[in-house]
Amino acid sequence: MPEHQFRFEDGAAYERMMGKWSRLAGDVFLDWLSPARGLRWIDVGCGNGAFTELIVERCAPAAVKGVDPSPAQLAFARTRPAARLAHFQQGDAMALPSADDSFDAAVMALVIFFVTDPAKGVGEMARVVRRGGTVAAYAWDMLGGGFPPEPILAEMRAMAVTPPRPPSVGASRMEALQALWTGAGLEAIATREIIVQRTFADFDDFWTTSLLGSTVGPIVSAMSAGDAERLKAAVCARLPADAAGRITCGARANAITGRVAK
């Protein structure tokens, strides 16, 4: 089976599958950053606005700009309560539609491995942030098994099916993030690991939710009925349920922050 590309166009489906995971990790990330109130933020690769909403809810920002290449994701973001303050604009992480020194903080939430040239993306974040401002990101450790759908991807690999992989998957590793931040000339670099868990009502809840909002679902749909059932059974066996039938899964992200030189 050919390798598939990640595409996120359905904001509602993405919210059910990844939006909740994003909020779980995003809460830990913001606790760690402990930003001041009243900052001007840019959320690079904001998608359907899941993390932008956290900024608005938790950080009392003066202004927030969300940038993403997907019109459909941005349309969903504009329906969120965060849109009362946040401005959403279509744009490329490697050519941000903002002037130099426009923001106090730039963040990439679960995005850097989608950027074709991560170094250019980090450089753009540093460009639009004022001197002394913050440039930060967190990314699922995909190569280390930290991606939320990993139970499904692992069983796909066991069946010789090529799982989807973002174009810059190596950027999700901690050492790669450190090299990117150092290469951008950022100072006071700090890192941490983020571990989160999510509980599903039962295996079917996990399965149907995990197939939404990404290319994992289309790959399963393209399988023969027999192969799809074998995959589902293997994943089910990998995920034991508790006494109430609930499934609890974990995910792990690598986080980094740095400061633009004064």
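FYI, it's all coordinate maths here, none of it is from the lab. The model shown is predicted, which means the values in this text are computed figures rather than measured ones. For neighbour counting, all protein chains shown are included, and Cβ atoms are generated from backbone atoms with ideal geometry for every residue, glycine included.
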GNM on the chain, C-alpha springs below 10 Å: top fluctuator among 141, 117, 68?
117
GNM on the chain, C-alpha springs below 10 Å: top fluctuator among 26, 66, 185?
185
Just want the ordering: 20, 262, 65, from fewest to most Cβ atoms lying within 10 Å of their own Cβ.
262, 20, 65
Contact order relative to length of the chain, as percent, for alpha carbon pairs under 8 angstrom and 6 or more apart:
24 percent
Skipping prolines and chain starts, which residues have an amide H placed within reach, meaning under 5 Å, of the one on residue 64, given they are 5 or more residues away or on another chain?
41, 87
Which of the listed residues, 103, 86, 151, is farthest toward the dipole's positive end in the stretch 61-169, when Lys, Arg count +1 and Asp, Glu count -1 at the beta-carbon?
86
Convex hull of Cα atoms in the stretch 99-152, direction-averaged projection (nm²)
4.3 nm²
In a Gaussian network model of the chain with springs linking alpha carbons closer than 10 Å, the residue among 241, 171, 86 that fluctuates most is 241
Taking the square root of 5 times each eigenvalue of the Cα gyration tensor, what semi-axes in Å does the equivalent ellipsoid of the stretch 105-206 have, largest first?
30, 16, 11
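How large is the helix-only mean residue ellipticity at 222 nm for the chain, computed as the sum of -39500 (n - 2.57) over DSSP H runs with n ≥ 4, divided by its residue count, in deg cm²/dmol to the nearest 500? Present the calculation step by step, with values, prior to reporting the outcome.
Values: 10 runs with 94 residues, N = 262.
Theoretical 222 nm ellipticity from helices: -10500 deg cm²/dmol.
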proj_area_mean for the chain (convex hull on C-alpha atoms), units nm², value 13.4 nm²
Computed over the chain: longest principal axis from alpha-carbon atoms vs helix 118-128 long axis, angle to nearest 10 degrees, is 40 degrees
Applying the Karplus parametrisation 6.51 cos²θ - 1.76 cosθ + 1.60 with θ = phi - 60° to the phi angles of the stretch 67-74, what ³J(HN,Hα) value in whole Hz is obtained for each residue in order, glycine and proline being reported as x?
10, 7, x, 9, x, 5, 5, 5
About its Cα centre, what dipole magnitude does the chain give when the only charges are +1 on Lys and Arg Cβ and -1 on Asp and Glu Cβ, stated in debye to the nearest 20?
560 debye
Any idea what angle helix 174-183 forms with the longest principal axis of the chain, computed on alpha-carbon atoms, 0 to 90 degrees, nearest 10?
20 degrees
Please list, in order along the stretch 135-152, the HN-Hα scalar couplings obtained from phi with the Karplus expression 6.51 cos²θ - 1.76 cosθ + 1.60 (θ = phi - 60°), rounded to whole Hz, x for Gly and Pro.
10, 9, 7, 9, 8, 4, 7, 5, 6, x, x, x, 5, x, x, 3, x, 6
HN-Hα couplings for the stretch 188-202 via Karplus (6.51, -1.76, 1.60; θ = phi - 60°), in whole Hz with x for Gly/Pro, come out as 6, 6, 9, 9, 7, 9, 10, 10, 10, 10, 9, 10, 10, 4, 6
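With only alpha-carbon pairs counted, each pair once and no self-pairs, how large is the Kirkwood hydrodynamic radius of the stretch 187-262 in angstroms?
Computed over Cα pairs of the stretch 187-262, the Kirkwood hydrodynamic radius comes out at 15.2 Å.
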